[in-house]
Amino acid sequence: DGKWESADSYRDMIKDVSEARSLEQAGRIFKDEDVVNSQMEDVYRQAQQQPDNVSLWKKLGDLALQKNDFDYASECYQHAFALTKGADVTLEKAIADSRSKKLKFLIQQKEEQLQADPNNASIQEEIAALKQEQETAILQECESRVKRYPNDLDIRYDLARIYYNNKQIDKALPEFQLAANNPKNKTACTHWLGICFREKGMLDMAVQRFKAAAEQTP
């Protein structure tokens, strides 16, 4: 009845070929902008019919990111976040990530321009400014999340690493110490504490942390 023997492909085994194509498209990440635009139109229509469906707005944001439409992606994530009344931490992170990805994309564009004109001081200054803006945005966003979720040790771990990368060792140390209370990150935090103490010239403390990290590692 299913004509399995005579079918040339799995499509022939599905009566509604258009549905098969739709299902196939839904399971892929398309780089072709026309296809992404088509998918966005479909999802947007669904979102208009189900305006309170958080998943649809998040999906719309994900699709917008695929075509580097960072501002619209951020708007979709913000709308979805508002629908959850600020309860979905992953959406909050998606908002921050879309902003960070926008800056990264702009930096890449400028660096490509610089390759064509290596001695262009103006482009060099623009790249430096964008990188500083990116670092500042990442730090401010993480600090803000720590204030809102002070007991989330994963966020504190992220903040500690950002402080370290920004050479703010004195701020990184207490955050690593707090984040170490999460068993998942305990060994990593112990190791990072050793690195921080080494940076500060407190070598005995550093050795203790490195030994402890080594003992925790299988």
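Within region 38-95, being open to solvent by less than 60 Å² (accessible area, probe 1.4 Å) and among the β-branched types (Val, Ile, Thr) holds for VAL43, VAL54, THR84, VAL89, ILE95. Every condition in (1) open to solvent by less than 70 Å² (accessible area, probe 1.4 Å); (2) not in a helix (DSSP H, G or I) holds for LEU130 except the one numbered (2). Within region 148-158, the presence of a residue that is in a helix (DSSP H, G or I), farther than 24 Å from GLY86 by Cα and touching a residue at least 12 places away in the same chain (Cβ under 8 Å) is excluded. Could we say that GLU141 is open to solvent by less than 50 Å² (accessible area, probe 1.4 Å) and modelled with pLDDT under 90 here? Yes: the conditions hold for GLU141. Residues that are open to solvent by 40 Å² or more (accessible area, probe 1.4 Å), under 22 Å from CYS142 (Cβ atoms), assigned to a helix (DSSP H, G or I) and not aliphatic (A, V, I, L, M): does region 199-212 have at least one? Yes: one or more hits.
For region 101-124, a residue qualifies if it is of a type in the set (Asp, Glu) and either over 26 Å from the mean Cα position of the chain (by Cα) or not in a helix (DSSP H, G or I) (or both), and exactly one does: ASP117.
Put simply, of ASP154, ASP158 the only residue that is within 19 Å of ILE195 (Cβ to Cβ), out of contact with any Phe, Trp or Tyr (no Cβ under 9 Å at 6 or more places or on another chain) and acidic (Asp, Glu) is ASP158.
Can you tell me how many residues within region 103-122 are closer than 23 Å to THR136 by Cβ and either open to solvent by 70 Å² or more (accessible area, probe 1.4 Å) or free of Cβ contacts under 8 Å to residues at least 24 places away in the same chain (or both)? Residues flagged as closer than 23 Å to THR136 by Cβ and either open to solvent by 70 Å² or more (accessible area, probe 1.4 Å) or free of Cβ contacts under 8 Å to residues at least 24 places away in the same chain (or both) within region 103-122 amount to 9. Looking at LYS184, is it within 22 Å of THR136 (Cβ to Cβ) and open to solvent by 50 Å² or more (accessible area, probe 1.4 Å)? It is false that LYS184 is within 22 Å of THR136 (Cβ to Cβ) and open to solvent by 50 Å² or more (accessible area, probe 1.4 Å).
The values are calculated or read from the model by the stated rules, or taken from the named source; none is laboratory data. If you're wondering where the values come from, they're calculated on a predicted model, not measured in any experiment. Because the Cβ atoms are built from the backbone with ideal geometry, glycine has one as well, and the counts that use them run over all protein chains shown. Surface areas here come from the heavy atoms of the whole protein model, side chains and all, with no ligands, DNA or RNA. Shrake-Rupley method; radii C 1.70, N 1.55, O 1.52, S 1.80 Å.
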